[in-house]
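Structure record follows, encoded as structure tokens.
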Amino acid sequence: MEVVHTIPELRAAVARARQAGKSVGFVPTMGCLHEGHLSLIRRAKQEASFVVVSIFVNPTQFGPNEDFSKYPRTFEDDRRGSETAGADLIFSPVTADFYPAGASTWVDVEGLSAGLCGEFRPGHFRGVATVVAMLFNAVQADVAVFGRKDLQQLAVIRRMVRDLHFPVRILAHETVREPNGVAMSSRNRYLSAEQLTQATAIPAAMEAAKALARTGVTDALRLQAAAQAVLAAQTALKPQYCEIVDLETMAPVASTAGKSCAIAIACHLGATRLIDNADL
């Protein structure tokens, strides 16, 4: 497996792969890879014969009071994991090179970015959309794989790809979970064993809403209330939002929830922010 740090090196490697008749898959990450990331790489390998993994902690998607400086950097472990999972190349750019001096161009996906995480993390999705657009332009992949845990991010990227006519197919991969049901996240390493147990209230809350939906209930407020009751019972969790949302628009559903809806939850547990979601 090759590791490159500049866009010319990346493009040369991708060109060689294409000249050899290979299709190109792409998995963008911020590193600190866990089994969820590795499952994305394996999925990409099923879809394409040459897989690029980017490892880049993107500063523009962090707010001023967020954890950019302490976000875990585990490059050697990430390199080994990526290779084992089937990656052919790692692209790990230097921030000063990747964002040219004086860079002033942004991608802002309006509407979809406004609610949920966007309400509490202003500028986050502008940073996400911009860096993903830059990566898509640099890699020029045929297919890119994203985890479904970041549901709003996935919707934002799909809309950007549609609106800006990026020639890349977007695949959503199901959320990979810890043995206790908590969604895998790089930030789970911040949690103590006790907190990881307390975090099980999040998937339990989603299951409460899903169970009610399976009985035929479509009242979004009832579904939301069922989930909120479970979250409220775990006092260590500090919910930021618990919403029934439309999967395409990410807008909260005020009345009837249907098959095109999901429950989306964000909570703080100590200093750690956790998100999760599930289709209804």
Worksheet, complete the sentence: Selection from segment 199-220 of residues over 19 Å from residue 239 (Cα atoms) and among the basic types (Lys, Arg) yields 214
Worksheet item: So which of 56, 26, 50, 62 ends up being hydrophobic (A, V, I, L, M, F, W, C), in contact with a helix residue (DSSP H, G or I) (Cβ under 8 Å, 6 or more places away or on another chain), at pLDDT below 95 and surrounded by 14 or more Cβ atoms within 10 Å (Cβ to Cβ)?
Response: 62
Worksheet item: Do we find a residue being in a helix (DSSP H, G or I) and either basic (Lys, Arg) or loosely packed, with under 14 Cβ neighbours inside 10 Å (or both) anywhere in segment 235-250?
Response: no
Practice prompt. Considering every residue within segment 2-10, establish whether at least one is without any contact (Cβ under 8 Å) to a residue 60 or more places away in the chain and in contact with a Pro (Cβ under 8 Å, 6 or more places away or on another chain).
Written response: no
Discussion item. With of a type in the set (D, E, K, R), within 14 Å of residue 57 (Cα to Cα) and surrounded by fewer than 21 Cβ atoms within 10 Å (Cβ to Cβ) as the only criterion, which of 97, 77, 142, 108 stands out?
Written reply: 97
Item to complete: Go through the residues of segment 43-51 one by one and say whether even a single one is over 21 Å from residue 130 (Cα atoms), among the small types (Gly, Ala, Ser) and not in a helix (DSSP H, G or I).
Response: yes
Worksheet, complete the sentence: Of 254, 262, the only residue that is in a strand (DSSP E or B) and hydrophobic (A, V, I, L, M, F, W, C) is 262
Fill in: Criterion: farther than 9 Å from residue 263 by Cβ, in contact (Cβ under 8 Å) with a residue 60 or more places away in the chain and crowded, with 17+ Cβ neighbours inside 10 Å - qualifying residue of 226, 199, 205, 220
199
Item to complete: Could you run through segment 162-200 and say how many residues are of a type in the set (A, V, I, L, M, F, W, C) and in contact with a Pro (Cβ under 7 Å, 6 or more places away or on another chain)?
Response: 1
Worksheet item: Do you know which residues across segment 17-42 are in contact with a Phe, Trp or Tyr (Cβ under 9 Å, 6 or more places away or on another chain) and more than 17 Å from residue 170 (Cα to Cα)?
Response: 17, 18, 20, 22, 30, 31, 32
Worksheet item: Is segment 2-19 home to any residue that is among the acidic types (Asp, Glu) and not in a helix (DSSP H, G or I)?
Response: yes
Worksheet item: Does residue 74 satisfy the condition of being in the same structural domain as residue 145 (by TED's automatic domain parsing) and in contact with a Cys (Cβ under 6 Å, 6 or more places away or on another chain)?
Response: yes
Discussion item. Please pick out the residue among 54, 49 that is in contact (Cβ under 8 Å) with a residue 24 or more places away in the chain, in contact with a Lys or Arg (Cβ under 9 Å, 6 or more places away or on another chain) and among the hydroxyl-bearing types (Ser, Thr, Tyr).
Written reply: 49
Discussion item. Whether any residue in segment 149-171 is under 22 Å from residue 274 (Cβ atoms), assigned by TED's automatic domain parsing to the domain that holds residue 25 and assigned to a loop (DSSP other than H, G, I, E, B) is what I want to check.
Written reply: yes
Worksheet item: Just one of 87, 96, 103 is hydrophobic (A, V, I, L, M, F, W, C), at pLDDT below 95 and closer than 24 Å to residue 2 by Cα; which is it?
Response: 96
Worksheet item: Can you name the residue in segment 173-192 that is outside any loop (DSSP other than H, G, I, E, B) and charged (D, E, K, R) and, of all such residues, is surrounded by the fewest Cβ atoms within 10 Å (Cβ to Cβ)?
Response: 189
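The values are calculated or read from the model by the stated rules, or taken from the named source; none is laboratory data. Computed from a predicted structure; not experimentally measured. Note: ideal-geometry Cβ built from the backbone for every residue, glycine included; neighbour counts use all protein chains shown.
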